[in-house]
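Just so it is clear, none of the values below were taken in a lab; they were calculated from the coordinates. Only a predicted model underlies this, so the values are computations on that prediction, with no experimental measurement involved. Here the Cβ positions follow ideal geometry from the backbone for every residue, glycine too, while neighbour counts run over all protein chains shown.
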Amino acid sequence: MLDCLIVNPSALSQIYQSLSENLTAIEPPIWAGLLANGLRAKDKSVDILDCEGLGLTVEESARRICEAKAKITTIVVYGQQPSASTQNMHAASLLCEAIAKINPEIQTILIGGHVSALPARTLAEESCTFVCQGEGLATLLAILEDRFLDAIPGLGYRTSSGIKINPPAPVVPQEKMKDVLPGVAWDLLPMKNYRAHNWHAFSNNNDRSHYASIYTSLGCPYKCTFCCINAPFGGSSFRFWDPDFTLGQMQLLVDKYQVKNLKIADEMFVLNKNHYMKIADGLIERQLGLNIWAYARIDTVKADTLSTLKKAGINWLALGIESGSKFVRDGVKKGRFGGADITEIVKRTQDAGINVIGNYIFGLPDDDFKTMQETLDLAIELNCEMSNFYSAMAYPGSQLYTMAIEKGWPLPDTWLGYSQHSRESLPLRTEHLTSGQVLGFRDYAFDKCFQGSRYLGMIKEKFGNDTFEHIQQMNKHKLIRDFAVSYR
């Protein structure tokens, strides 16, 4: 009997609408792979069903799960970014219902950031057997060891008197990372099916194939109020794998799976200089030829490291700029940097040959139309090679979620409503604006930036006519919104 089947659920078309057809990435489920290898390190038999990577419907996924008859079926509700955990809860919920209809005896457990933030509610609402609060590996091992339910760390389960949630297991300590979580079980994933983000491949002749993503660290030491990254970890933390171990994983991806495009999915890769520079130096030494992108903050990018990062193949850095208003940024504890710092760091990064993804958020608590316009003006002025425009969401596990509950501000009725691109998307309102006004401005800002002659001219000059035409085609995709108030 298979000990554990680990499942990555999918509802791509509902989460991203028409963007799912050819614009969004299809990414390997890193947490599913980490849990699988962690279990294999303890001699447990494991398989992974990546429903998204295989393009399976909910019904097809449920049938395969029931046919596998694993001792425990683990449905992973993580995302490649913290927010994606909650939006992926929609797919997990549909899958649990489908499994229960076919065979209610299948033992299922939900694990992930969203589940860790709302364990009791998840168990109360979903057709699953268990939930897990925490990283998950210790919980799964204890289940497979047949411990009594009240002795399994992080386990949520039903009793005759109601729902019980056990205290979570401690996070995997720094010194045991590569032993307890020995990389991703790439061999259990459909590696040929993954594709990079469309913009990631601008620097690779628009070839999005041979793609993978990897963590070199877990957690984040910062406490931005809009972020829920640390929900499964019980608080802010930052742990990383030994750089040599990570480099070995990257070498494996290149040698065995011919990976060319690589995402470093760490919430903050450019943070601990001793860590990320060792990886960069190792990449240069190994000459892996990867096209890499990673996350950084304005206040973590150091000018003296940029040339090395570029030589290592890091062609894109995603910078959390968030807002053009320092007052709004301060309100969500987003660093102590000003507009001049933002402009200087973006320019220095681009001067080093590294493309910049500017990340911006509309609808933070202190935002009004004036401050959101400042953010849009900054995005247009910086003219980054890519800009991600988000609406502020009160993700479970974030301080914004707690604030929204306290203030009685409306929250989405469904988990799909927490998706940035879904029809049901319902951002957090602000002190001055409704949710619909925020969403309408966000969509207006996207069009204003990506249809602008300055941006299109830069794309054509830097990446060529094919990429220019690609952006023009991307601009034809219009998201359907149920709650947006048109802004023109």
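I need Phe450, Phe269, Phe148 ordered by Cβ neighbour count within 10 Å, fewest first.
Numbers: Phe450 17, Phe269 27, Phe148 7.
Fewest to most other Cβ atoms nearby, the residues stand as Phe148, Phe450, Phe269.
What order do you get for Met474, Met277 when you list them from fewest to most C-beta neighbours inside 10 Å?
Met474, Met277
Relative to the longest principal axis of the chain, what angle (0 to 90°, nearest 10) does the C-alpha long axis of helix 453-463 take?
Result, in degrees: 70.
How far apart, in nm, are two points set 7 Å out from the Cα along the Cα-to-Cβ line at Ser45 and at Glu406?
5.1
I need Tyr395, Tyr16, Tyr390 ordered by Cβ neighbour count within 10 Å, fewest first. Before the final figure, lay out the partial values.
Values: Tyr395 25, Tyr16 19, Tyr390 16.
Placing the least packed residue first, the sequence is Tyr390, Tyr16, Tyr395.
Taking the Cα-to-Cβ direction at Gln251 and at Ser161 and moving 7 Å from each Cα, how far apart do the two end points lie in nm?
In this crude spin-label approximation the distance works out to 5.6 nm.
Mind putting a number on the dipole of the chain about its Cα centre? Charges go on the C-beta only, +1 for Lys and Arg and -1 for Asp and Glu, and I need it in Debye to the nearest 20.
Working: 49 positive and 53 negative charges, 80 e Å.
I would put it at about 380 debye.
What list of ³J(HN,Hα) values in whole Hz, one per residue of the range 92-98 in order, does the Karplus curve 6.51 cos²θ - 1.76 cosθ + 1.60 (θ = phi - 60°) give from phi, with Gly and Pro shown as x?
Each residue's phi maps through the Karplus curve to give 4, 5, 4, 5, 4, 5, 5 Hz.
Please compute the length gained on full extension between Asp482 and Asp244, using 0.36 nm multiplied by the number of residues separating them and subtracting their Cα-Cα distance.
80.8 nm
Please name whichever of Tyr444, Gln420, Gly397 sits farthest to the positive end of the charge dipole of the range 377-450, dipole taken about the Cα centre and charges placed at Cβ: Lys and Arg +1, Asp and Glu -1.
Highest projection toward the positive end goes to Gly397.
Rounded to the nearest 0.05, what FRET efficiency do Leu2 and Glu59 have when you use their Cβ-Cβ distance and R0 = 30 Å? Don't skip to the answer; put the middle values down first.
Details: r = 21 Å, r/R0 = 0.70.
Efficiency for this residue pair is about 0.90.
Determine the sum of side-chain charges near Ala404: Lys and Arg each +1, Asp and Glu each -1, restricted to other residues whose C-beta is under 13 angstrom from that of Ala404.
On the way: positive: Lys407, Arg429; negative: Glu406, Glu431.
Charge balance near Ala404 sits at 0.
Could you give the dipole magnitude of the range 377-466 about its Cα centre, charging the beta-carbon of Lys and Arg +1 and that of Asp and Glu -1, in debye to the nearest 20?
The dipole of the range 377-466 has a size of about 40 debye.
Place a +1 charge on the Cβ of each Lys and Arg in the range 195-389 and a -1 charge on the Cβ of each Asp and Glu, then give the dipole magnitude about the Cα centre in debye, rounded to the nearest 20.
420
Can you find, among Ser10, Asn383, Ser323, the residue farthest towards the positive end of the dipole of the chain? Put +1 on the C-beta of Lys and Arg, -1 on that of Asp and Glu.
The listed residue farthest towards the positive side: Asn383.
Quick one: check the C-alpha center-to-center distance for the range 194-267 versus the range 406-443, whole angstrom.
First find each Cα centre; the distance between them is then 28 Å.
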